[in-house]
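What follows is a single structure, written as structure tokens, with notes after it.
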């Protein structure tokens, strides 16, 4: 199955570290869900010395989003994302 175009992908999780993103990516891929990592930088004109926050968005194809969300909700990662 081939997925083309960013408009066919949606975010299902926001990771705060690359390690966390890799863990989520691996879990979703083990469930045969294609995954794309997207670093969303919040450095809109702020100085780098201003402790700019970054996050890594875990994206999946739109038609797999529901399955991915159910899988993520069923797992306990010991993480708090409110």
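The values are calculated or read from the model by the stated rules, or taken from the named source; none is laboratory data. Fair warning: this is a prediction, and the values are worked out from it, not measured in the lab. Please note: Cβ atoms are built from the backbone with ideal geometry, for glycine as well, and neighbour counts cover all protein chains shown.
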Is there any pair linking a residue in segment 18-30 that is within 15 Å of residue 64 (Cα to Cα) to one that is assigned to a helix (DSSP H, G or I), with Cβ under 6 Å and at least six apart or on different chains, and which?
28/68
For residue 64, are the conditions met, namely being under 12 Å from the mean Cα position of the chain (by Cα), assigned to a helix (DSSP H, G or I) and either at pLDDT below 95 or surrounded by 12 or more Cβ atoms within 10 Å (Cβ to Cβ) (or both)?
no
What's the total number of residues in segment 50-60 that are surrounded by fewer than 18 Cβ atoms within 10 Å (Cβ to Cβ) and at pLDDT 95 or above?
0
Tell me, which residue of segment 67-82 that is within 12 Å of residue 24 (Cβ to Cβ) and out of contact with any strand residue (DSSP E or B) (no Cβ under 7 Å at 6 or more places or on another chain) is modelled with the highest pLDDT?
71
